[in-house]
1. Out of the stretch 331-386, which residues are in a loop (DSSP other than H, G, I, E, B), touching a strand residue (DSSP E or B) at 6+ places or on another chain (Cβ under 9 Å) and either within 23 Å of residue 24 (Cβ to Cβ) or assigned by TED's automatic domain parsing to the domain that holds residue 182 (or both)?
2. Please find, among 14, 96, 78, the residue that is closer than 30 Å to residue 264 by Cα, surrounded by 14 or more Cβ atoms within 10 Å (Cβ to Cβ) and modelled with pLDDT under 85.
3. Among the residues of the stretch 26-46, what is the count of those that are touching a strand residue (DSSP E or B) at 6+ places or on another chain (Cβ under 6 Å) and within 18 Å of residue 353 (Cα to Cα)?
4. Which ones in the stretch 145-178 are in a strand (DSSP E or B) and within 14 Å of residue 207 (Cα to Cα)?
5. Test residue 325 against the criterion of being free of Cβ contacts under 8 Å to residues at least 60 places away in the same chain, out of contact with any strand residue (DSSP E or B) (no Cβ under 6 Å at 6 or more places or on another chain) and either surrounded by fewer than 19 Cβ atoms within 10 Å (Cβ to Cβ) or over 19 Å from residue 56 (Cβ atoms) (or both), and give yes or no.
6. Pairs needed: first member in the stretch 398-409, under 11 Å from residue 279 (Cβ atoms); second member anywhere, part of a helix (DSSP H, G or I); C-beta distance under 8 Å; at least 6 residues apart or different chains.
7. Regarding the stretch 268-275, can at least one residue be identified that is in a strand (DSSP E or B), in contact with a strand residue (DSSP E or B) (Cβ under 6 Å, 6 or more places away or on another chain) and under 22 Å from residue 405 (Cα atoms)?
8. State the number of residues belonging to the stretch 47-60 that are touching a strand residue (DSSP E or B) at 6+ places or on another chain (Cβ under 9 Å), closer than 21 Å to residue 325 by Cβ and touching a residue at least 40 places away in the same chain (Cβ under 8 Å).
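The values are calculated or read from the model by the stated rules, or taken from the named source; none is laboratory data. Since the model is a prediction, treat every value here as computed from it, not as a measurement. Note: ideal-geometry Cβ built from the backbone for every residue, glycine included; neighbour counts use all protein chains shown.
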């Protein structure tokens, strides 16, 4: 790009390296990495975080990328701070100690109530408001040609409406998940948040210039919901960066043990309970598997280990969150990948961002899910084994079939190069740049 001026884009995304969250972080990170090659200089507004750092993620960012951290204090962060002070500082005066306790027991509970039932669309609204203030100041200095908001969290979309009116440049909405109508909003008594989200989503769609969605089903939902704006809606999937795989030769861990690897978060909404029960069932039915199966979990694991059946617990290895490069190295040693999807989080539209790195390794995926976009992709590429997320017997039988194929050296996946190249992060960023060029020219 020497000798040629960059166009400038401001990207507002709460999560960005060195924070090591997966899906949201990797999408925006790779956009920022490759946009300069297409003539665009990214300025990324993100939240300043003190935990879960992976400094290696920013190693290959070009020098043109500017990252601006926005720090904001909320009752939630203050509660954590006061709790830490009460536990560690024995010199706090009685008056200050009473204040901290009162804050934690009363003020924070009022805030938590508003957060759960009144504040739309999510808890990141205070950060998003401050980020928009910073964005207006930055625009005065750098004169951006476009700006993008990536969500969730969708508070950036809400405040983006204000920013669009203020600076009058093209605005791109990047939907990594659905917003209004998402099953996650159909919980308890949060009707007020749902109603507000509908209104703010409509305003964001009508004020923005381009809408991007990570799956075809999500695109279809929004085209049906807002038929008058279909022409500015497009699919731009997640993907993988071939540069991350250049020095990695996928190998299996051992000829003696079938090694399954799960990369991502395990939580209440993505529970492995049925999988563990199915494994116990398969081991009971097929004793030969007992010493020839290992399951490794990479990432946050919010599941009580004492709930894992005793016959299975010895086969499970929980590694916790790892730096991205280390995680890829662990994945390279797998024989197959495990993917558990709870469609209650996104319904038919759901697609795990990790699935594309799974595909890049050209190893089979053991997918447990109801029908969703991820199931469609695996089935279309013939890239693995698919089971329903409520059928323990089917999961156990399919696991045994996977085991038999591994034992017979039939665990092969051959995804055509042209099909896999559609998920190349650099190519996908090129598609984004074409949209940006069209908007800036218009």
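1. Scanning the stretch 331-386 gives 341, 342, 352, 354, 361, 369.
2. 78
3. 2
4. Initially, the stretch 145-178 is screened for residues in a strand (DSSP E or B), giving 146-151, 171-175.
Correct list: 146, 147, 148, 149, 171, 172, 173, 174.
5. Values: free of Cβ contacts under 8 Å to residues at least 60 places away in the same chain: no; out of contact with any strand residue (DSSP E or B) (no Cβ under 6 Å at 6 or more places or on another chain): yes; either surrounded by fewer than 19 Cβ atoms within 10 Å (Cβ to Cβ) or over 19 Å from residue 56 (Cβ atoms) (or both): yes.
The answer is no for residue 325.
6. Qualifying pairs under 8 Å: 399/278; 399/279; 399/282; 400/282; 400/285; 400/289; 403/282; 403/289.
7. Narrowing the stretch 268-275 to residues in a strand (DSSP E or B): 270.
Adding the requirement that they be in contact with a strand residue (DSSP E or B) (Cβ under 6 Å, 6 or more places away or on another chain) leaves 270.
In the following step, the residues that additionally are under 22 Å from residue 405 (Cα atoms) were identified as none.
So far as the stretch 268-275 goes, no, none of its residues is in a strand (DSSP E or B), in contact with a strand residue (DSSP E or B) (Cβ under 6 Å, 6 or more places away or on another chain) and under 22 Å from residue 405 (Cα atoms).
8. The first filter runs over the stretch 47-60 and keeps only residues touching a strand residue (DSSP E or B) at 6+ places or on another chain (Cβ under 9 Å), leaving 47-49, 51-54, 57-58.
Checking the rest, the ones that are also closer than 21 Å to residue 325 by Cβ come to 49, 51-54, 57-58.
Next cut, touching a residue at least 40 places away in the same chain (Cβ under 8 Å) only: 52, 54, 57-58.
So the answer is 4.
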